[in-house]
Amino acid sequence: MAASVSVDFITHTFKGQSAPTLKDVELSIRPGEQVALIGRSGCGKSTLLHMLAGLMLPTEGCVHIRGHMVTKPSAKWNMMFQKPSLYPWMSVRQNAELGLLFAGRRDPARIDALLDLVGLADKADANVQSLSGGQQQRVALARSLATSPELLLLDEPFSALDAFTRAALQDEVSRIARQEKLTLVIVTHDIDEAVAMADRVLIMAANPGRIVGEMAIDLPTPRERASAEYSRAREQLMTTFDGLVGDGRSTAAPSADTQDAEPQRAAA
Amino acid sequence: MTAAEGTLPLTAEPALTGGEQRRSAGGRPARPAAADAGAPAPPGGAGDAGRSAPARSAVIERPARHWHTRTFRWPAVRAFLLSTVAYPALGIAVLLALWWLGGWAIASNEDVSAFAGFAPAPAFAALGELVASGDVWGTIYPSLYRIGMGLLWAFVIGVPVGVAIGLSSALREVTHVPFQFLRMISPLAWMPIAVLAFATWDGAIVFLITVAAVWPVLFSTAQGVRRIDPLWFKVARNLGADGWQMLRRVIMPAIGQDIFAGLRLAVGVAWIVLVPAEYLGVTSGLGYAINDARDTLEYDTLAAIVVVIGIIGFLLDGLCVSLIKRFSWRQAD
Ligand SMILES: Nc1ncnc2c1ncn2[C@@H]1O[C@H](COP(=O)(O)OP(=O)(O)OP(=O)(O)O)[C@@H](O)[C@H]1O
Ligand SMILES: [Mg+2]
């Protein structure tokens, strides 16, 4: 069951900072809608997504999911990150069923179905460290889906993958979300990813972080990347983005190196 | 909305893995859903028709390669024998040779020839006697008990405090000065206090071992917690973990190897503290046996006990190493 999301004038200032990172962000998302959030590095996309997930609380304003105010994280709205961050001491299956374990439930049949859904049925007992990056991200997807979330939040989930795997997973996640009737919010640096997955693209600008515009992508799904309409939508989004936050140069897709700007703490 | 309502009809989608549905939906070529784009295409799969010849030759090659890995490969066997037999044997031989040289130097110097019992031959003779008479077990057991109790206390105190310090930076800063101060005090400096504070000698010795062993366990645990990937916490919270579940399913498994690495260091220092601690009032244990042998001028027995201490320390260290391996999730590199 998909959930509606409404963000009511969120303003957030990190501790020890004078300027707000997010200012008066307002948006509403229909149940089952797939929304992409694009913007330059550091404009506050991840911060906003953390607030939707309840992993951070805004200093002002609030988030409602299906009419309920978000005050803490819940397995009902699930976030996926750029890194799959699986638990290496658990098998693929154990990772996938962790959310159910926390909820005190067991449902092996559902986990089987989910692993099948993400194409990893034959890897159920494998060590997650022996999987490729794409396969690991699929496990993370299965883990997110296991608790039957209503809302899936994705923070650049495919940016560490090669182009082919990325395209395959974009289609797959988009398809699964439609099939399972999830609301989807995906943060991305990648114009292509936004056009490939979203019904609507929100464009954010920095200092302070705010939504400056949006564009509907009115194309049938699954998206046909080689089609003329796709290219047109892509071009139009780039132009819109440049017009709203660009500085004349081609600012479309800040490349992978900008991700390093994010505070990366040492992985264990 | 209840959990049951949210359950998705996953099993009711048999067509997911087939290409049929996708083709009809999008009008584009089917891609097997199961195939990871990063993985090599299965030989002979769709689209390989034009390249069937190279594909077939690759299939022929495979059994040959398989056979090759099962053959006897001398370089690998040699490397294995060298590392498991030859190099350790060489190390032991060098040690024995040095010991023998030392014994010979003592025996040939008239001033100290009374200590000739330290040489390998008398030492091993005395060791054989100790083992044959069974005396050695009576000597080892009390020491092992004290070590075991000391390490247990170090574990029981060090792990929870280490986890707490690792999680809370405030606690870490509050405890920093006191802990570094206490850590720097030689455990043996506590001896008079221990003797006063504990009714039994055993209690005092266990206390001294605990005081020595707790720090490596505590700091290693704390460091392990601090090295946990912050995303692991985030993901678990997002999946609905409460505090206890976080501890049990994420923190403890993540730091298992760090805890036992700390325990390994702790065994080292505990073993060092044990012998002088047993010079205290007790009348049992390896430290006592050394003292006793010195007093009765049985230098061969003294050397034999030293060998026993070394062997047990070596075995305990090996036990710790296997525990570290057992709780390690980092894939060997
Ligand atoms: N925990 C924090 N404490 C203080 N400042 C933070 C914190 N997290 C993020 N910021 C700041 O908030 C701003 C927005 O960060 P955020 O991670 O949301 O950006 P982003 O749009 O996701 O960037 P990227 O595309 O690089 O991931 C940045 O300037 C960052 O330095
Ligand atoms: Mg980000």
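A few points about this structure:
- Per-residue SASA entry for A:MET197, accessible area with 1.4 Å probe, Å² rounded to 10: 0
- Table column - 3J(HN,Hα) (Hz), region B:238-249, Karplus curve with 6.51, -1.76, 1.60, x for Gly and Pro: 5, 7, x, 6, 8, x, 5, 5, 4, 5, 6, 9
- In Hz, Karplus ³J(HN,Hα) per residue of region B:88-94 (6.51, -1.76, 1.60; θ = phi - 60°; x = Gly, Pro): x, 4, 5, x, 5, 4, 5
- In this structure the amide hydrogen of A:VAL35, modeled in the peptide plane, comes within under 5 Å of the amide hydrogens of A:LEU184, A:VAL185, A:ILE186, A:ASP199, none closer than 5 places in sequence on its chain.
- Between B:ALA241 and any residue 5 or more places off or on another chain, the built amide H atoms are never under 5 Å apart.
- Cα radius of gyration and Dmax for region B:124-268 (Å): 19.4, 65
- Label-to-label distance for A:CYS62 and B:ALA76 is 6.5 nm, based on points extended 7 Å past Cα in the beta-carbon direction.
- Residue list for region B:257-297, given a label point 7 angstrom along the Cα-to-Cβ vector of B:GLU129 and an amide N cut-off under 17 Å: B:289-297
- Of the beta bridges in chain A, as assigned by DSSP with both residues counted there, near 50 percent are antiparallel.
- Chain A and chain B together bury an accessible surface of about 4400 square angstrom, both sides counted, with a 1.4 Å probe and no ligands or nucleic acids included.
- Over 24 Å apart at the Cα level, from the set A:LYS45/B:LYS234; A:LYS23/A:LYS83; A:LYS83/B:LYS325, are A:LYS23/A:LYS83; A:LYS83/B:LYS325.
- Over all Cα atoms in region A:1-131, the spread is summed up by Rg and Dmax: 17.7, 52 Å.
- Just so you know, the averaged projected area of the alpha carbon convex hull for region A:72-220 sits at 9.8 nm².
- Phi to ³J(HN,Hα) by Karplus 6.51 cos²θ - 1.76 cosθ + 1.60 over region B:221-236, Hz, x for Gly, Pro: 4, 4, 5, x, 5, 5, 8, 5, 4, x, 5, 4, 5, 4, 4, 5
- Under a 5 Å amide H cut-off, with hydrogens placed 1.01 Å from N, A:GLU214 pairs with A:ILE203 among residues at least 5 apart or on other chains.
The values are calculated or read from the model by the stated rules, or taken from the named source; none is laboratory data. These numbers come from a predicted model, not from an experiment. Reconstructed Cβ throughout: ideal geometry from the backbone, glycine too, with neighbour counts over all protein chains shown. Calculation scope for accessible area: heavy atoms of the full protein, side chains included, ligands and nucleic acids excluded. Shrake-Rupley method; radii C 1.70, N 1.55, O 1.52, S 1.80 Å.
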